[in-house]
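Notes follow once the structure below has been shown.
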Amino acid sequence: MRILLSLIAVLMVSALPNQAAAHCQIPCGIYDDARVFSELKQHAQTIARSNKGLAEAKTMHDAARWTINKEEHAQKIQDTAQSYFLAQRVKPKAKDAKGYEDYVTSTTQLHAIIVASMKAKQSTSESAVTTLSAAIAAYEEHYWGMHGHDHKGAKK
């Protein structure tokens, strides 16, 4: 019986492909940009609420929980800007190619979101969250305009 099971295991392993197929971080064509922008804005709102909770915290435990929550949401914004937009949605353009200015604007605005998120993570200031929210809004407007949509993603 052991020999039979061993033989079956060897046959199953040898039937597997020798190479793994490469794939996108998200299966090609499955994007929901409107949802992603909504999530970015919700993360910023959560950071603002966490700052308020932190200011109202009565115990070190509560303060720690609000701080962790704020930092997690700031990190989610950074991760989305990097892995969703920069890695998948923004396509590099040569300096003399059509769309180069949009590429530069996109990368600059995404960098501003990443930096603003970092500053919101490090601070409890309302202005840090305001700057972050403004950076997200500016990029959303640019993004939809670049793709021929209004600022909420509807086709023009």
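As for segment 96-110, it holds no residue that is crowded, with 17+ Cβ neighbours inside 10 Å, touching a Ser or Thr at 6+ places or on another chain (Cβ under 7 Å) and within 18 Å of Val129 (Cβ to Cβ).
Yes or no: segment 24-46 includes at least one residue that is farther than 24 Å from Ala87 by Cβ and at pLDDT 60 or above. So far as segment 24-46 goes, yes, one or more of its residues are farther than 24 Å from Ala87 by Cβ and at pLDDT 60 or above.
When residues in segment 126-149 are screened for being at negative phi, among the small types (Gly, Ala, Ser) and either at pLDDT below 95 or open to solvent by 40 Å² or more (accessible area, probe 1.4 Å) (or both), 6 of them pass.
Take segment 58-73 and flag every residue that is crowded, with 17+ Cβ neighbours inside 10 Å and touching a Leu at 6+ places or on another chain (Cβ under 8 Å). Give the derivation first.
Taking segment 58-73 first, the residues crowded, with 17+ Cβ neighbours inside 10 Å are 66-67, 70, 73.
Of everything in segment 58-73, those that are crowded, with 17+ Cβ neighbours inside 10 Å and touching a Leu at 6+ places or on another chain (Cβ under 8 Å) turn out to be Trp66, Thr67, Lys70.
Can you confirm whether segment 112-125 contains a residue that is within 14 Å of the chain's Cα centre (by Cα), open to solvent by 60 Å² or more (accessible area, probe 1.4 Å), modelled with pLDDT of 95 or more and more than 18 Å from Ser38 (Cβ to Cβ)?
Checking segment 112-125: at least one residue is within 14 Å of the chain's Cα centre (by Cα), open to solvent by 60 Å² or more (accessible area, probe 1.4 Å), modelled with pLDDT of 95 or more and more than 18 Å from Ser38 (Cβ to Cβ).
Given the condition within 13 Å of the chain's Cα centre (by Cα), in a helix (DSSP H, G or I) and of a type in the set (Gly, Ala, Ser), answer yes or no: does some residue in segment 68-77 qualify? Yes: segment 68-77 contains one or more residues that are within 13 Å of the chain's Cα centre (by Cα), in a helix (DSSP H, G or I) and of a type in the set (Gly, Ala, Ser).
The values are calculated or read from the model by the stated rules, or taken from the named source; none is laboratory data. Just so you know, these numbers come straight off a predicted model, no measurement behind them. Cβ atoms come from the backbone with ideal geometry, glycine included; neighbour counts cover every protein chain shown. The area values use the complete protein model at the heavy-atom level, side chains included, leaving out ligands, DNA and RNA. Shrake-Rupley method; radii C 1.70, N 1.55, O 1.52, S 1.80 Å.
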